[in-house]
Structures are given as C-alpha cells and as structure tokens.
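Data block below; observations after.
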C-alpha cells in the first residue's frame, strides 16, 4: 500500500469508525454502502464471503470484517488501519461515558436517560433480529436451526459454543458434495503473523497473572475476556448473552441494570457493540479500587477483547480466500448465520426480562416505554439514532417528574 492509498484508506476507515452506530447490523450495512456500492473496493460476492467467514469466528464480526477488507487491500498494515480505526472512537467514547457514569451517575437526568435507553436497546435488538433473520433464514432448514439454537440457549442452557459449532457441523454435512469447488489459490504461510499476534495478545495477559496474581482484578478481566475471545462465536449480539450472565451472576462485577446501562452506552456510541465489555471491565475495577484501577481494567479488557481479532484475521483470512468456492464451507457459514438469529432472540429476551421485571417485580413505566420504542421501530421505521434520543428524552422526563 503506497502513501496516497494509505492516506485515502485512513480517511475512509476513520469515517466508517466515526459513523458506525447501531450495532453490527448497522455497521455491516454502512461498510457495504461505503466499500461495495460507493467505492467498489470489493465486490458483492467477496463481501458476503468475508462476512460469513467473520461470523464463524469468535468475537465481533463487524470489526473483523473491517480488518479482513483492510487486509485484502493492504496486507497486515491495511488490516491494522481498518480494524484500529473501527474501534478507536468507541474506546474513547465508552471511557468518557464510564467516568461520567460512576462520578455523576446519581444525577437525576443521567439516571433518567439510562432508564429510557434500556427501552431503546430492546427495540434496536429486535430490529437487528428481524433484519438478520430476513437475510439468514431462507428456508425451513435455516428456520429450524434458528429455533433450535434459541431453545438450546434459553430453555436448555446449552453452552453457547456448542450451539454454534453444532450449527456449523450440520451446515457442512448438508452441503458436502453439492457441486464442485474451483481450484483454490496456492497455499500461503500464516505461521509468522499467528505467532506475532498470539504473543502480543497473550504476553500481557500472562504478565498480569504472574506479577499481580490470579485474584487481582486486572488479571481476572484479562483472563476472562481472553477466554471469551476464544469461546464466543457469532458476533456482538451472540457474545453479550454470555458476558452479561457471567459478569452479573458469576463474577458480580456489576448488576443487571448496570449491564443494561453499559449496553445502552455501546448502542449510543460509534464502534462495535462489543465495546460494552470495556464498561464491564471498568465497573469491575471500580468496585475493586476506584477510578484509576477502573480505567486500567477497562483498557486491559479492551486489549483482551480486540487483539485476538487481528490474530484470527491475519492467520485465517488467507485460508478463507483459498476455500472461497467450497460448497461445504459455504454451507457451514450459512448455518452459523441462521443459528445467530436464535442467539439474538435469546439475548433480546434476557434483556427484556431484566428491564421489565427489575428485581423480580414488574415495572409498568419500563413496559410502556419499551412498547413505544417497539412501535416507533417497526411501525414508524425509526432508526437507532431516533430511538436512542427519543427514549433517553422520555426517560429524563419520567425521572424528573418522579415517576421512575
């Protein structure tokens, strides 16, 4: 990538990073418009192949898709530019909001805004569910996979990785032998970038554990979110169901209402929705030792969350390109996409239950505001920005009036 191309890519990826609101569905649509329709950096088939591959990986698919396309254009430098600028605005915004949250969270209008934002989050997740379902569920097989994934998670509490891996296996078996693959490109070595990024990711994690001990909050968040980076598949909406339950119920780093507040922050800021993990790490540090420990814990969490994404792309993308015409791989990726529909449904229901029945008792104001947000989302086709501003404003009014 020469200097003019680098400068051009910097501007484009900075623009995408700053405008990437609305979670993965909105971010993927933004990249499609900017990179496929307007600039024609990548064609439709290549874009969808990259997207399906990224949805099969653990971690945030939108950020990994940006890194993949950046890699296609400029190798590892292009991938670093794309992935880094995609997350940087969100890192800064979530950190600023986290400080405000703990230092001024008892201010009435802030409390009201976060109360309202929870309703907007439910509506936005519902929109994403419908949007992704329309693309992913194209027949009875995909519908059955989506329903089975939801039932396995919500009813049977099957571990999330098993659900996604089972879907991939079903899709691979069903598509195996359907048509012939074109001759793949020559093999390329990915050992060096894999080793470099594994060291960059796991080296700091090991150092924190060895120096501070396993009971230190920095070591805990580094280890937990590194494990999450390996075991969580299907993108941000899929990951959050697991993270929320573990952070609230297992580690007690924050409460369910605080988790919803963190998700609302991530929905209102640019960057991947998985940036909510930074808020989770921040709250873990805040409870353990105050503001500066919270800030360090947030940064450690962000590193453990996103550094593996570069490893997956730089080590896996060359092989994904070789297998781009494989029917079996396409079948596996398609099945994973269908399973993610069930995963998102599980997430949405989990958050809705904690919003409408906080502490086990029904909240009629939360229910009414959620109903209005859903009406605006589906009847009026309101976008994330309108939902967020409207719900936050309504929450402020209700709080200042002493109704919530």
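Read the figures in this text as sums done on the coordinates, not as results from a lab. Remember, predicted model here, so these are calculated numbers, not experimental data. Virtual Cβ from ideal backbone geometry, glycine too; neighbours counted across all protein chains shown.
Here are the numbers for the structure shown:
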quantity: Ranking of 375, 347 by count of other Cβ atoms within 10 Å, fewest first; calculated: 375, 347
quantity: Residue order, fewest to most surrounding Cβ atoms within 10 angstrom, among 16, 196, 42, 122; calculated: 196, 42, 16, 122
quantity: Inter-centroid distance (Cα atoms) of the stretch 71-129 relative to the stretch 355-391, Å; calculated: 19
quantity: Whether the stretch 4-147 is rounded, prolate or oblate, judged on the alpha carbon gyration tensor where a/c under 1.5 counts as rounded; calculated: oblate
quantity: Per-peptide average of other Cβ atoms within 10 Å, ordering 245-252, 391-398, 158-165 highest first; calculated: 391-398, 158-165, 245-252
quantity: Among 191, 260, 19: highest mean-square fluctuation, GNM of the chain, C-alpha pairs under 10 Å; calculated: 191
quantity: Sequence ranges 109-119, 146-156, 354-364, ranked by mean other-Cβ count within 10 angstrom, highest first; calculated: 109-119, 146-156, 354-364
quantity: Cα gyration tensor shape of the stretch 250-404, rounded if a/c is under 1.5, else prolate or oblate by comparing a/b with b/c; calculated: oblate
quantity: Nearest-ten-degree value, helix 61-104 long axis tilted from longest Cα axis of the chain; calculated: 10
quantity: Between 0 and 90°, nearest 10: helix 44-56 axis offset from the chain longest Cα axis; calculated: 60
quantity: By average C-beta atoms within 10 angstrom, highest first, the peptides 65-73, 221-229; calculated: 65-73, 221-229
quantity: Residue-averaged 222 nm ellipticity for the chain, from DSSP H runs of 4+ at -39500 (n - 2.57), nearest 500; calculated: -26500 deg cm²/dmol
quantity: Whole-number percent relative contact order across the chain, with pairs defined as alpha carbons under 8 Å at least 6 apart; calculated: 32
quantity: With Cα atoms, 0 to 90° folded angle of helix 256-268 axis to the chain main axis; calculated: 60
